[in-house]
1. Output the number of residues of segment A:108-132 satisfying the condition of being in a loop (DSSP other than H, G, I, E, B) and touching a residue at least 40 places away in the same chain (Cβ under 8 Å).
2. Hey, among the residues in segment C:259-282 that are touching a Ser or Thr at 6+ places or on another chain (Cβ under 8 Å) and at the interface with chain B (Cβ under 9 Å from one of its Cβ atoms), which one's surrounded by the fewest Cβ atoms within 10 Å (Cβ to Cβ)?
3. Take segment C:237-250 and flag every residue that is in a helix (DSSP H, G or I) and more than 10 Å from chain B (Cβ to nearest Cβ).
4. Across segment B:70-85, what is the total count of residues that are without any contact (Cβ under 8 Å) to a residue 40 or more places away in the chain and either of a type in the set (Phe, Trp, Tyr) or more than 7 Å from chain C (Cβ to nearest Cβ) (or both)?
5. C:Ile259 passes all but one of (1) part of a helix (DSSP H, G or I); (2) more than 21 Å from B:Tyr74 (Cβ to Cβ); which number fails?
6. Considering only segment A:138-156, state which residues are buried (at least 16 other Cβ atoms within 10 Å of the Cβ), part of a loop (DSSP other than H, G, I, E, B), of a type outside the set (Ser, Thr, Tyr) and touching a Ser or Thr at 6+ places or on another chain (Cβ under 9 Å).
7. Identify all residues within segment B:56-67 that are buried (at least 17 other Cβ atoms within 10 Å of the Cβ) and farther than 21 Å from B:Ser123 by Cβ; write none if there are none.
8. Would you check which residues across segment C:201-236 are of a type in the set (Gly, Ala, Ser), in a helix (DSSP H, G or I) and either more than 11 Å from every other protein chain (Cβ to nearest Cβ) or closer than 13 Å to C:Phe75 by Cβ (or both) and list them?
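The values are calculated or read from the model by the stated rules, or taken from the named source; none is laboratory data. Note that the coordinates shown come from a computational prediction; the quantities given were computed from them, not determined experimentally. Cβ atoms come from the backbone with ideal geometry, glycine included; neighbour counts cover every protein chain shown.
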Amino acid sequence: MTWTINEPMVSIRDVYKSFGAFEVLKGISLDVMKGEVICIIGPSGSGKSTLIRCINALNDIQKGSILVEGQEVNDPKLDKLELRKKVGMVFQQYNLFPHKTALQNIMMAPVRVLKQDKAEVEKIARELIRKVRLEGKEDAYPGELSGGQQQRVAIARSLAMNPDVILFDEVTAALDPETVGEVLQTIKLLAEEGMTCILVTHEMAFAREVADHIYFTDRGVIVEHGPPETFFSEAKDPRTKEFLSQIL
Amino acid sequence: MQEYFEWFRILYEETGINLPFLYDSYDRNRMFQGFLMTIKLSVVCLFFSVIIGIIGAWLQGSSLKWTRRIVDAYIQLFRNTPPLVQLYFFYFAIGSLMPKVATEWGGEAPLLGNFAWAVISLSFFAGAFNVEIFRSGIEAVPNSTVEAAEALGFSKFQIYKDITLPLAFRVCLPSLNNNLVNLVKTTTLAYAIAVPEMLYEANQIWSDNVNVTEMMLFLLFAYFILVGALVWCTNRWERALRIPGYGS
Amino acid sequence: MRTTTLKSVLPVLLPAKAKSGSLFSFRLKLWHGIILLCICLLTSTAGFAQSDPIKASVFEILLRWMPLLLTAFIFNIAISMLAMGIGTAAGTVLGLGQISPNAGLRKFCWFITQFFRNSPWLVLLFFAMFLLPFEFSIGGIDIPLPDWLKATIGLSLPVMANMSEIVRGAVNSLPSGQWEAAESLAYSRRQTLWLVILPQCVKRMLPPWMNLYSILTMATVLASVVGVSEVMTTTGRALASEGGRPDLLAPFYSFVLLIFFIYCYPIARWTVYLEKKFAVKG
């Protein structure tokens, strides 16, 4: 609408969210500029995943505002299709469609949702498969791929929608240690290309390497945030310190 | 062809093995009509039982407690009572309460004939099993897969059509085929209300020709071939639809 | 503050709630049977309202025939138990034949199983009724084979075939490690089967076996088609001796449905319970 490139691409203001009586998010605010890579870290159950699921309206919020390129997400009249064209998402459990091949998984949304030309989409899909380095796996079903390979197909699948921002929800948490690297490398490649990324992750070394800004959340609030250079070395809050000492 | 049939007449004269449904054109026609009736009954009942199954599974997902209870009561009632008594109940008890219509010869005929009642009774019987089969199939589709489609911008209808149904169908198929095989076997019950299917026609032939042994063996053989062919086809079908690495 | 958030949250939770309710929705109580009873009573009273006041009320007639019908039903139960016994014994042998190391025996048992599994119960019943002799002699003693016994044998044929599949399925479902472990302990094949494999299979076989019994019980009414005087035949006779009044049909048939439901439903519930219990324990 009236969004310009100088304003935050994603702007979260004072968001509250609860499941029943349990409050998961208690007033979260953060901004993401175009091309930025944001990492959200924190102990399990601190509301990190819920937060990014709210950004593309998989969960709704009770209070506050989430603007994606100027479009309000917390709005009952929200055009979800319009939002999801802009916001891609990659899940912890990959969630590929098990009855479709890798190529079909990537092609399905552009063809069915965006009604793009099939031949054109296939060309793009094959390029994406090359990009995530899965040449030769085009016709493999998800069940025939390793976790890391499936996750790379999932990344390609969300890239095929040509989103402006991609949400990564603990994408390496379910992977075998030896396949974590290949997925992180793919994400790093995207970050270097200037894709706006919001990651929830437990990979601290990776966060330090690629993130422009790190947010630490605990019990539904943002405790501390800052650029990686200072965040890891100069943490002030005792909760952040404790968390970092456990994990590093 | 006729010579071939004649050979069985000679077989009868020489050995006493009486197979009139092969050499006698009248009996041959009767037997063939009976076979067609069995097929027709199976196909029509299959159609209606699937419809009942879909509607029932849909009603079972209703948020109204009593809707669900009525569907459950229907399932339990039809699964835990003898199908033959159900058939009698429909044909005799409900049939006797139905209004009669005038025939063109001035007499009165029941509104629904024995074929119609057999279809109603057997469809409700098989449908009770289908409701549970369909429901378990839809429940087997992981919520996260549906969510992934949602995040890619699929509409509710598209998710149902492209993701939920194809996956649920594969889960259902073995039980559905099993139920189909049972249905074909259960069509013999229609004999009890004089629907001229295979068993009934065979009975007519052995009453006329006093060749129970031959007819009985032929009938067993015929059902073995019919059901065996059906099982073979459904197994092939299941194998063709199997997704590599998905399910067992 | 808290209450307001709670209120606004409720719509989010609603679908999830509805789903959890329908998940195990065949958790149904007595009222299933009560509904049947209601249909039975309603149709009786409806019939009563229609019928001539001089004639006895439908309910009275049903009450008068009830002892006879119940006795006949006990006969059904007896047939079902005997057929289950024969079928289970023969089916176990056949099932073990299906997993025999001897390829010829395996194929033969497989064929017999498939043959009787693919045949409709009613056809097998006819088969037994017409092709079994009415008496046979062993060592000069003539043993009569009454109709009901023939029907029992006829019903035990499909039970045998299904039992055979249950046994085969249960043995095959055990991890192969069990066989290997027993083999490495120098058990013979027979010892492995009887001491290691089958005891573990009993638990897995119990739910499908009970399900099979329930199906068999409901199939005993088929014997009425071939003239054995069980509950359905008795019902037909009762209806005929009351002069074939159409208003009696619904209550009598509902009554037969009801007694089968009362007998079979607890078995079905118990089967589901055992399935769940064994599924958790593995």
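1. Here the count works out to 3.
2. Only one residue tops the list, namely C:Ile267.
3. Correct list: C:Arg237, C:Ala238, C:Ala240, C:Ser241.
4. 1
5. Only one criterion is unmet by C:Ile259, namely (2).
6. Looking only at segment A:138-156, we keep the residues that are buried (at least 16 other Cβ atoms within 10 Å of the Cβ), and these are A:138, A:140-142, A:144-145, A:147-156.
Then drop every residue that is not part of a loop (DSSP other than H, G, I, E, B), which leaves A:138, A:140-141, A:145.
From what is left, the residues that are of a type outside the set (Ser, Thr, Tyr) are A:138, A:140, A:145.
Residues satisfying the conditions are A:Glu138, A:Ala140.
7. B:Gly61
8. C:Ala223, C:Ser224
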